[in-house]
Amino acid sequence: MSDDATSAPAPLELMQGNLDMISGVIPWGRRLGFRMTKVEKGHVWGVQPWKERLVGDPDTGVIHGGVLTAFLDNLCGTAAGSAMDHLRYVATLDLRIDYMRPAEPRRDILGEAECYHVTRSICFTRAWAFHETRDKVIATAAGAFAITKPRAPSTMGGNDAE
């Protein structure tokens, strides 16, 4: 590992101090408007606000399922990043979404994700989308994320991909 990666603050410390920035790093994250609300080691919470432009069926006013997929994918990736001891990007290898019920019309969606296992090269995650509590889940996710090479903190959140 490079000196930049090993001397960098832990990912969790950086994430906790920059929750507002986390979703905005990715262009589609900015467009969907979801945000992280809390992060702990290997665990993250967020909210996907209801917006009319995100509705999948105008007759019901329910957020499109693809928005939920993107939201849960991002929560899982963030949980994976927060579980590691060194700053790393992760990339989605596999993501399974199970839709249990439609979201309620015109309501924000809450989400929670956890990284429950980390190997040398892969993080394994699970996540839930719901309204008030996980007792009545809208959708669940299970994902596997590839761990990339260590990076210096100065490379996190750059606009070089846009």
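Each reported figure results from applying straightforward, stated rules to the coordinates on display, with no laboratory input. It should be emphasised that the depicted structure is a prediction, and the values quoted were computed from it without experimental measurement. All Cβ positions, even for glycine, are placed from backbone atoms using ideal geometry, and neighbour counts span all protein chains on display.
If Lys and Arg each add +1 and Asp and Glu each add -1, what is the summed charge of the other residues whose beta carbon sits under 12 Å from the beta carbon of M21?
Net charge around M21: +1.
Which whole-Hz couplings ³J(HN,Hα) result when phi for each residue of region 49-58 is put into the Karplus expression 6.51 cos²θ - 1.76 cosθ + 1.60, θ = phi - 60°, listed in order with x for Gly and Pro?
Working through the residues one at a time gives x, 6, 9, 4, 5, 9, 6, x, 10, x Hz.
Ordered by residue, what ³J(HN,Hα) values in Hz, to whole numbers, does region 40-48 give under the Karplus form 6.51 cos²θ - 1.76 cosθ + 1.60, where θ = phi - 60° and Gly and Pro are x?
Values, residue by residue: 10, 4, x, 8, 9, 10, x, 9, 10 Hz.
At 0.36 nm per residue, minus the direct Cα-Cα distance, what do T148 and R134 gain on full extension? Give it in nm, one decimal, please.
Additional length available on full extension: 1.9 nm.
Rank T92, I147, V39 by how far each Cα sits towards the positive end of the charge dipole of the chain (+1 on Lys, Arg Cβ; -1 on Asp, Glu Cβ) and give me just the farthest.
T92
What is the distance, in nm, between label points placed 7 Å from the Cα along the Cα-to-Cβ direction at R101 and at E13?
Once both label points are built, they end up 4.3 nm from each other.
Let me see the P(r) profile for region 3-155: every Cα-Cα distance counted, bins of 10 Å, each bin given as a percent of all pairs.
With a bin width of 10 Å, the distribution comes to 12, 42, 32, 11, 2, 0.
So, by mean Cβ neighbours within 10 angstrom, what's the order for 42-53, 80-91 with the highest one leading?
Output ranking for 42-53, 80-91: 80-91, 42-53.
Hey, what did the chain get for relative contact order, percent, Cα under 8 Å, at least 6 apart?
Values: 361 pairs, mean separation 40.1, N = 162.
Here the relative contact order equals 25 percent.
Show that you can apply the helix-only estimate: for the chain, add -39,500 (n - 2.57) for every DSSP H stretch of four or more residues, divide by all residues, and state [θ] at 222 nm to the nearest 500.
Only helices count here, giving -6500 deg cm²/dmol.
Name the long-range amide H neighbours of V55: under 5 Å, sequence gap of 5 or more, or other chain; modelled H, no Pro or chain starts.
Answer set, sorted by chain and number: H64.
What order, most packed first, do the peptides 29-36, 16-23, 117-124, 139-146 have when packing is the mean number of other Cβ atoms within 10 Å of each residue?
Packing proxy ranking, top to bottom: 139-146, 29-36, 16-23, 117-124.
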